[in-house]
Structure formats: structure tokens, C-alpha cells
């Protein structure tokens, strides 16, 4: 699954267009490297998102085939402390 779609489906970022913009600005890293919105994710990847006043790190636990419910979304990733 593409990075931008995963961020939206997992509810780490609310809209896919916002996920695209944040990635294009170089504020999203996958496994320590700046990532484009089209980056293909796999289980075990570490995503780091730099917001204006905070940073969120998450490990991908499961890559869904399509959209998931709001209750299922948190099961797709695990938050990590830096």
C-alpha cells in the first residue's frame, strides 16, 4: 500500500491530500529516509512524521488491502518512543 493511503487509512493523518503535502515537504520518513507519497510500505517499516510542534513514530504492524473501520485503524500500527 502507498504511504499516503496508509497514513489516511490508519488515521495518522486525516486526509490523503494532507498526507501527500506533508510527504512532499520532506516531513515523513520511512526507515530513516525521506519518503515520497508513492512509497510502498510493508510490515515492520518505521514511519516518522514531523508535525510543527511534535514528532510521531509508528511501526507498521499490518498493511490492509483496502479501507478499515475507525475501530480497526489503531491495530495497523504501534506507536514508538524515540
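The values are calculated or read from the model by the stated rules, or taken from the named source; none is laboratory data. Predicted model only: the values in this text are computed from it and were never measured. Neighbour counts are summed over all protein chains in view; Cβ atoms, including those assigned to glycine, are modelled from backbone coordinates with ideal geometry.
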Q. Scanning for something part of a helix (DSSP H, G or I) and either buried (at least 19 other Cβ atoms within 10 Å of the Cβ) or in contact with a strand residue (DSSP E or B) (Cβ under 6 Å, 6 or more places away or on another chain) (or both), does the stretch 25-48 turn up at least one residue?
A. no
Q: Read through the list (1) assigned to a loop (DSSP other than H, G, I, E, B); (2) in contact with a strand residue (DSSP E or B) (Cβ under 9 Å, 6 or more places away or on another chain); (3) modelled with pLDDT of 90 or more, then give the number of the only condition that residue 56 fails.
A: (1)
